[in-house]
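The values are calculated or read from the model by the stated rules, or taken from the named source; none is laboratory data. The structure displayed is predicted, hence computed values, not measured ones. No Cβ is skipped: glycine too gets one built from the backbone with ideal geometry, and neighbour counts run over all protein chains shown. Heavy atoms of the whole protein, side chains included, go into the accessibility calculation; ligands, DNA and RNA do not. Shrake-Rupley method; radii C 1.70, N 1.55, O 1.52, S 1.80 Å.
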Amino acid sequence: TAKLLYGTAFRAPSFLEQHGINPVANGNPNLRPETVRTIEAALSWKANRDTQINLSLFRSNLQNIISLVGINYANTSAQRGSGMELEAVWDFSRTLRFTGNYAYQKTIDAATNQDVGYAPRQHVYARADQRLAGSWLLGYQVNWVADRKRAFGDNRPKVPDYQTLDLSLRGNPGKSQWELAASVRNLLNADVREPSLAPGLAIPQDLPMAPRSFYLQAIYKL
C-alpha cells in the first residue's frame, strides 16, 4: 500500500505572547500565527502472514515561529525538517511478537542554517511480548536515543546518548475480575538526561530523568 499525504496546521499566539506585561517577556499584539506544512510518502508491505513492514518519508516547513527576541515576543525565523521512520512487526510464534522502529530526523533553522537542537536525530525502539502460561504477558522494551545537538550559540558538549531497558508483567490470574501488573523502568539505571536551555538558566547539567523505578498496579473490573 502506498500513500502520499499533505497537511497544514497553525498555532495561534497565546494571550501571554500577545498581551503579557513582564520584566523579562513582553507580549506583542501584532504576532502572526505559526504555520507548518508537511508532505509525507508512506509505504506499507505485508511481507507474509506474520510480518508487516512500514516506511514513511517526510518533509516539513515551519514559518513565523514565535520566540523571545530580547524581552519581547516576535515572529522570528523559519525551520525546515526532513526525516524517515521504518517500522516492523513480526509474529515469531503464537506466543512471541517482536515490534520495533527506527526514526531519523533533521531540522534546520533557516536564519542560522544550523540544527535547531534539543530533539534527537536518531531513535530506536524495540519491544518483545511473550505470552506465558495462563493469561500472563511478559514484555521487554528497549529505547535508544542518540545524536541530540545543542541549539545555536550553546557551546556545551552535545547531550549524551542513552539506552534504557524496561520490563513488565501483566496478567489476569485465574481469569478473575482482577488484572495485575508490575513493571521495572530503566532496569539498568542509566543516567538519562533531556537537554535544557543554554547555560545560565539554572540547569546547566540538563534535566535528569527518573532512575530505576518500580510500579505495581491492580485493576478490579465490575
Next item on the list: Return only the number of the condition from (1) under 28 Å from residue 89 (Cβ atoms); (2) assigned to a loop (DSSP other than H, G, I, E, B); (3) of a type outside the set (A, V, I, L, M, F, W, C); (4) open to solvent by less than 40 Å² (accessible area, probe 1.4 Å) that residue 134 does not satisfy.
Entry: (4)
Item checked: Lone unmet requirement of (1) over 20 Å from residue 184 (Cβ atoms); (2) in a strand (DSSP E or B); (3) of a type outside the set (Asp, Glu); (4) open to solvent by less than 60 Å² (accessible area, probe 1.4 Å) for residue 117 -> (2)
Checklist line | Hey, residue 44 within 30 Å of residue 89 (Cβ to Cβ) and polar (S, T, N, Q) or not | finding: yes
Next item on the list: Please verify whether segment 142-157 includes one or more residues that are assigned to a loop (DSSP other than H, G, I, E, B), open to solvent by 40 Å² or more (accessible area, probe 1.4 Å) and closer than 26 Å to residue 26 by Cα.
Entry: yes
Margin query: When the residues of segment 158-194 are narrowed to those that are under 22 Å from residue 107 (Cβ atoms) and assigned to a strand (DSSP E or B), which ends up nearest to the chain's Cα centre (by Cα)?
Written below: 194
Check: Which of the residues that make up segment 36-66 are farther than 30 Å from residue 97 by Cα and either open to solvent by 40 Å² or more (accessible area, probe 1.4 Å) or of a type in the set (A, V, I, L, M) (or both)?
Finding: 36, 37, 38, 39, 59, 61, 62, 63, 65, 66
Margin query: Among the residues in segment 127-140, are any under 30 Å from residue 174 (Cβ atoms) and hydroxyl-bearing (Ser, Thr, Tyr)?
Written below: yes
